[in-house]
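What follows is a set of notes on a single structure, which appears directly below.
Values quoted throughout were computed directly from the atomic coordinates according to the rules given, and no laboratory measurement underlies them. This is a predicted model, so every value here is computed, not measured. Backbone-built Cβ (ideal geometry, glycine too); neighbour counts: all protein chains shown.
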There are 4 protein chains.
Amino acid sequence: MPTEQNNRLTEQASGVYIIAATPFGDDGEVDLYSVDSLTDFYLEQGVTGFTILGMMGEAPKLSEAETTQVMARIMKRVAGRVPVVVGVSHPSNRHVERLSKEAMDLGAAGVMLAPVPNLKTDEQVYGYYAGALDTLGPGIPVCLQDFPQATGVHMSVPVVHRLVDDFEQVVMLKHEDFPGMRKLSQIRQASDAGEHRRVSILVGNGGLFLPQEMLRGADGAMTGFAYPEMLVRVCALFDQGRPEAAEDLFNVYLPLLRHEFQYGIGLALRKETLRRRGAIRSAFVRRPGPRLDRTDLDELTRLTARQEAALAKFEAR
Amino acid sequence: MPTEQNNRLTEQASGVYIIAATPFGDDGEVDLYSVDSLTDFYLEQGVTGFTILGMMGEAPKLSEAETTQVMARIMKRVAGRVPVVVGVSHPSNRHVERLSKEAMDLGAAGVMLAPVPNLKTDEQVYGYYAGALDTLGPGIPVCLQDFPQATGVHMSVPVVHRLVDDFEQVVMLKHEDFPGMRKLSQIRQASDAGEHRRVSILVGNGGLFLPQEMLRGADGAMTGFAYPEMLVRVCALFDQGRPEAAEDLFNVYLPLLRHEFQYGIGLALRKETLRRRGAIRSAFVRRPGPRLDRTDLDELTRLTARQEAALAKFEAR
Amino acid sequence: MPTEQNNRLTEQASGVYIIAATPFGDDGEVDLYSVDSLTDFYLEQGVTGFTILGMMGEAPKLSEAETTQVMARIMKRVAGRVPVVVGVSHPSNRHVERLSKEAMDLGAAGVMLAPVPNLKTDEQVYGYYAGALDTLGPGIPVCLQDFPQATGVHMSVPVVHRLVDDFEQVVMLKHEDFPGMRKLSQIRQASDAGEHRRVSILVGNGGLFLPQEMLRGADGAMTGFAYPEMLVRVCALFDQGRPEAAEDLFNVYLPLLRHEFQYGIGLALRKETLRRRGAIRSAFVRRPGPRLDRTDLDELTRLTARQEAALAKFEAR
Amino acid sequence: MPTEQNNRLTEQASGVYIIAATPFGDDGEVDLYSVDSLTDFYLEQGVTGFTILGMMGEAPKLSEAETTQVMARIMKRVAGRVPVVVGVSHPSNRHVERLSKEAMDLGAAGVMLAPVPNLKTDEQVYGYYAGALDTLGPGIPVCLQDFPQATGVHMSVPVVHRLVDDFEQVVMLKHEDFPGMRKLSQIRQASDAGEHRRVSILVGNGGLFLPQEMLRGADGAMTGFAYPEMLVRVCALFDQGRPEAAEDLFNVYLPLLRHEFQYGIGLALRKETLRRRGAIRSAFVRRPGPRLDRTDLDELTRLTARQEAALAKFEAR
């Protein structure tokens, strides 16, 4: 069994870090039974790592006690089998620090940090991260979360390079800008050319452009698509040097993946799919939050049936 | 040959209204030769109508003389075979009026109008449209363009209903909110229930959710995907009551469609694809505007080759 | 001495509800000594009420324990002499409910609630508040916070009216839209005409338009200008039917008030002024947050000296 | 009489460049009679220069012919007595170029250029300006307009420096970020230290912080406050080394200036004030645009009367 040390997040990280949903009961309480079953589900699908308490994990809606509870529960269930990255984004650097230390003490591999809103220029974005990273210190591996659709903050290639150059603990970029594939290429080309340290790049946006991003040099995916087994297989095929086979498989799932990609309602669709797959007991999203109506549910049913049929046909080639 | 009157935009409009690109030479000048060839290309693919001088047609980058020139040229080439809708969005109502009248005089079927930026509440959005529609008068058929990703303005279902109730010339909604499928369902359900006049709903966003939107009651697509023949066939299959066949075909094109869906660079990809298909002579986008680099071009080549292979396989079933 | 019941927030509320800063030491810890001295300072300046744990109180940067600590400390120090409104805005309705109940149990007069971000249409804004108000129930008096510059959410006059009509516990509007004076007039005219229940309207934006807003029917101010005695005197003069005298006094402070009005850095200027006035021991703002440089400090010194001279001259008329 | 050459915009520019309103009749047509009278009014108030066809000049609402007409008319009336800067911001660089050349041919001193929307990072902002400046060439003096409240684009200090270093034709910055005084200080300190070429900095935002900005190193104002004589006198007093006297005078006008500072409705208030002062015949703002109601008009009357009284008292000291 790997020790905690083995699980520290490094620049070599690759594969699928699943963005874990946080399961609630229909009464809105954290459902620990489902936390366990969902953890097992992800592990069974072969994910390389976990990312917990991110935006899609409804982290801002958890109380501090719930945050600790969920974090500890998942960490215990994972039991060091794969690395766990913990989302620690918060308006206060003190809280970022407190939560990061708690996460590392519980066995996290590293933390993921998105910028606070209202940062505008390159200097402001760099300044925010520099302040937070100084507070955290070099001992905690950090994944930069570049997700302007949610944060409103745009992280330029020079800012990423400067942070990578100045802070050794920055080991990963969660690339989720949209559209943002050129940014990915530029960062990877610069590290390939030896101009900057190479960090791991995992891609988000539900994986909507995963094959293109892998070809541009991504190391894997960090997203929460409700069929993680596809992400795992696609990344494995890329590892085996079989991009065409990878993309063929990816395209079988693309219609449903695109459906789940819808901002807002996407989380409700994802949880409902996980529920239908038996991974969690309730698809409840904390209020205020998206709710599916009859049309949404029937639409999902139809799309899922189509996907199952397509997959069966694909496997039977 | 249909008369102009036959081509007036009505609530019964359906099918594919192609968002026409505006072709330039590599020197940035309007390329009238390509305007003609692109018009022919669209007609050959079987589009039901044209929408010209929209945002993806780079309308804000045309001079007034160029606007007139392009409009007249397309109208002449189309020669009444299909209806032409003209984008007339502008900061000044006077200009909206002037351009609309010019368009109708040249034989347009109607006009498409997006709101000015910085409208926030339902009252403000309604107020803007009411002012513009009063200026235009009841004689000019209007398509409301609901595209918050570009305008920053959010149009609620009650605002759409109120505009439909108060202004008979509102005959179409271009539905391009994202995500926005519930809005589409609500508007269609209200018209099906006889609560509000039924207007045509054509969907945008490159057609990313076209099958789902057709099932929710859309009448077709108004978008500019560089393979309009797919949109045409999909809509026809829906008309024939064959949604599964329609979606099977759609999914063959989905990878490339998703690729073109990327905001900003999507226009450059679309023009490059049209160029490669022989529809226009240059993929030039006016400055400032997106430009493709070597990686982008190779990526497009690979995706196009994959699509051709997938299509061949699909047709050979 | 007024009982707690007497202090429940009602539609009759008027005067100055000071937006209380949250004092920290230079080490970033909550400074309880300064919490007390600041509370005393505000009471000595004659404020009518307190609003604590708002955005300018850096509430999102407090831990849950700190939130309770600060709330309890101020409530104890105020000891029922004036009503205390507690900011309870949060991404989760469960947290809004928990914090509101805690506040009311500790003796709060009511709570203030801003909408979560990303609400766009009238329906969405109404829907958010309706959900939260249903959760809170009719027993907790609520102040709606309309502050689009910070939340990005725009609350229309019809939405305010509908909330006032549907939820009796809505007793106050914090009017902070900018520009937004017409909104204030419309709401007040509608209540004067008996079309909707009259609620208290207190104005924010540092008081930048206080005299104009009082003339349009505001009941007072809810803001945190570091010279609350001016706000108190101005409101009193309006109460006495002396608008010209009120505005003459207001204008003496306007240069500094305008200076403090600057978003972001305004909080640092306000805390520094409170420190210089002896109300708190440190002007520390939690990170990330604005910091004053030498130029800022000197500029504040100069403006303060000018204000003192102007005030002396004004009083000596 | 100065030749055109003498009027070329340079880094030495200072004083008050008035943002000129564009007068319309009540029917919405350009009112050339009022264009002349307004030009005379500004000249009589002693402005140092003009800035025409900016956002507050409703430039985006003019037709191309009207643009030429207004530009030629003002230029002719000014007759080289003071420099005229022409706003040339536009979605297309071709149009920027065409309009700039037309302006220079008509005798403009230089042009003012704001960035197109949707530029996010430092690279994007620099890239936009570099492209446009390359198109214009070194022969046309340019004022960079930094007005993020209107454009949504944030220009960092390093971007300004880089543009100043790379393009000799950049001779002026219109500083209108809010809050943005630190930016002004940083740019001026860098030029004082000889690190970058010194360009003229004129401030906007209606002049709300003019005295503070002059003390931080601004060279004057570029704004459209309806009492330009105050701006002229304040700048002159600063030139004479009398900052306290300057600010005393400024503060007399501050209540009305703050009132006009309101975004949106501010333009209507400004035009109404100019109308009342006899500078133009109608306060009409083209649709869609702000309109004053009875309350707004009465409020303006009261504030104006108070200002006149305060000014009389001030002058009589």
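Mind checking the range B:192-295 for chymotrypsin sites (Phe, Trp or Tyr not before Pro) that DSSP puts in a loop (not H, G, I, E or B) and that have at most 14 other Cβ atoms within 10 Å? If you can, show how the numbers build up before the last one.
Working: sites: B:PHE209, B:PHE225, B:PHE238, B:PHE250, B:TYR253, B:PHE261, B:TYR263, B:PHE284; in loops: B:PHE209, B:PHE225, B:PHE261, B:TYR263, B:PHE284.
Answer in residue order: B:TYR263.
The lysines whose alpha-carbon is closer than 22 Å to the alpha-carbon of C:LYS101, local same-chain residues fewer than 8 away aside, are A:LYS61, C:LYS61, C:LYS76, C:LYS174. With a 10 Å cut-off around each Cβ of B:287-296, the average count of Cβ atoms from other chains is 5.
When the Cα positions of C:PHE314, C:TYR17, C:THR39 are compared along the charge dipole of chain C, C:PHE314 comes out farthest toward the positive end, with charges on each C-beta of Lys, Arg, Asp and Glu.
Residues considered: A:ARG73, A:ARG294, A:ARG275. Largest GNM mean-square fluctuation over chain A, using C-alpha springs under 10 Å, is found at A:ARG294.
What dipole magnitude, in Debye to the nearest 20, does chain A give about its Cα centre under +1 on Lys/Arg Cβ and -1 on Asp/Glu Cβ? Spell out each step's value before the answer.
Details: 35 positive and 41 negative charges, 91 e Å.
Dipole size: approximately 440 debye.
Looking only at chain B, where both bridge partners belong to it, what percent of the DSSP beta bridges are antiparallel (to the nearest 5)? Once the DSSP bridges in chain B are tallied, antiparallel ones form about 5 percent. For B:ARG197, inter-copy separations between label points set 7 Å beyond Cα along the Cβ vector come to 3.9, 6.0, 6.5 nm, shortest first.
Over the range B:12-101, what portion of Cα pair distances is larger than 16 Å, expressed as a whole percent?
Numbers: 2078 of 4005 pairs.
It works out to 52 percent of all Cα pairs.
Spacing of the modelled spin labels on D:GLU29 and B:ASP239, each 7 Å from Cα toward Cβ, amounts to 4.9 nm. What the phi angles of the range C:228-240 give under the Karplus curve with 6.51, -1.76 and 1.60, with θ = phi - 60°, is a coupling list of x, 4, 5, 4, 5, 5, 4, 5, 5, 5, 5, 4, 7 Hz, glycine and proline written as x.
Here A:LYS120 is the anchor, and the aspartates and glutamates within straight C-alpha reach of less than 13 Å, apart from those fewer than 8 places off in the same chain, are D:ASP122, D:GLU123, D:ASP177. Placing unit charges on the Cβ atoms only, positive for Lys and Arg and negative for Asp and Glu, gives the range B:1-102 a dipole magnitude near 460 debye about its Cα centre. Shown here for the range B:21-112: GluC sites (Glu not before Pro) in loop regions (DSSP other than H, G, I, E, B) with at most 15 other Cβ atoms within 10 Å, namely B:GLU29.
Chain A has one residue whose beta-carbon comes closest to the axis relating it to chain D; that residue and its distance in whole Å are A:ASP122, 2. For D:THR51, the residues 5 or more places off, or on other chains, whose built amide H falls under 5 Å of its own are D:ILE18, D:ILE19, D:ALA20, D:VAL85.
For the protein assembly as shown, DSSP calls about 5 percent of its internal beta bridges antiparallel. Note on the range C:186-317: Rg/Rh from C-alpha atoms, Kirkwood Rh, equals 1.04.
Diffusion coefficient (Stokes-Einstein, Kirkwood radius over C-alpha pairs, 37 °C, 0.692 mPa s) for chain B: 166 µm²/s, rounded to a whole number.
Shape descriptor for the range A:250-317: Rg over Rh equals 1.01 (Cα atoms; Rh from the Kirkwood inverse mean 1/r). When you filter the GluC sites (Glu not before Pro) in the range B:194-295 for DSSP loop state and at most 14 other Cβ atoms inside 10 Å of their Cβ, you are left with B:GLU195. Which of C:CYS143, C:GLN124, C:SER185 sits closest to the plus end of the dipole of the range C:115-238, meaning its Cα is farthest towards the positive end, when Lys and Arg get +1 and Asp and Glu get -1 on the C-beta? Result: C:SER185, furthest along the dipole toward the positive end.
Quote the FRET efficiency, to the nearest 0.05, computed for A:ALA305 versus B:ARG291 with a Förster distance R0 of 30 Å and r equal to the Cβ-Cβ distance.
Numbers: r = 42 Å, r/R0 = 1.41.
After rounding, the FRET efficiency stands at 0.10.
Based on the Cα atoms of the protein assembly as shown, what semi-axes does the equivalent ellipsoid have, where each is the square root of 5 times one gyration tensor eigenvalue, given in whole Å with the largest first?
Numbers: eigenvalues 437, 334, 187 Å².
Largest first, the protein assembly as shown gives 47, 41, 31 Å.
One Cα centroid belongs to the range C:110-126, the other to the range D:151-184; the line between them spans 36 Å. Treating each Cα of the range D:37-177 as one equal point scatterer and applying the Debye formula with no solvent, the log10 of I(q)/I(0) at q = 0.16, 0.18, 0.19 Å⁻¹ comes out as -0.82, -1.03, -1.13. Each Lys and Arg contributes +1 and each Asp and Glu -1, all at the Cβ; summed about the Cα centre of the protein assembly as shown, the dipole is approximately 0 debye.
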